[in-house]
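Inspection log for the structure reproduced underneath, given as structure tokens.
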Amino acid sequence: MDKSKRPFLKKNKKKRSFRRPLSPIRPGDRIHHKNVTLISRFISQQGKILPRRMTRLTLKQQRLVTKAIKIARILVLLPFRKNEKKWKRTKPTARTTGLRTRKRTKPTARTTSLRTRNK
């Protein structure tokens, strides 16, 4: 087979460097739940923990960061959600009003006998 028939093989193809970019955590930084400024960099706007491919952390660092975030959330150093909306009451819907305005039926002999059996 001729090399001319294989156009996908190029002679002057540059080799890619598969070296990962440097980690955003410096060697002096300690990953700890009290270090809120460092930990908060690895949380999204919704309050989710960012994945490794976005944070560029090593596997060991990512594990330590996730544990520190979870501990900080439990100790109320970090919120579980960042932009938490306050829920406002809306107008009552047909479903909720129907439950409230339902008329009670008078107890019949059948329903009263069921109540006495359950006791």
For a test of the definition: using alpha carbon positions, the gyration tensor, and the 1.5 limit on a/c, classify the range 23-84 as rounded, prolate or oblate.
oblate
Cβ crowding within 10 Å averaged over residues, with 30-41, 64-75 ranked highest first:
64-75, 30-41
Set the Förster distance to 41 Å, then compute FRET efficiency between LYS48 and ARG16 from the Cβ-Cβ distance, nearest 0.05.
0.85
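Every number in this text was worked out from the coordinates using simple rules, so none of it is lab data. Only a predicted model underlies this, so the values are computations on that prediction, with no experimental measurement involved. Don't worry about glycine lacking a Cβ; one is built from the backbone with ideal geometry, like all the others, and counts go over all protein chains shown.
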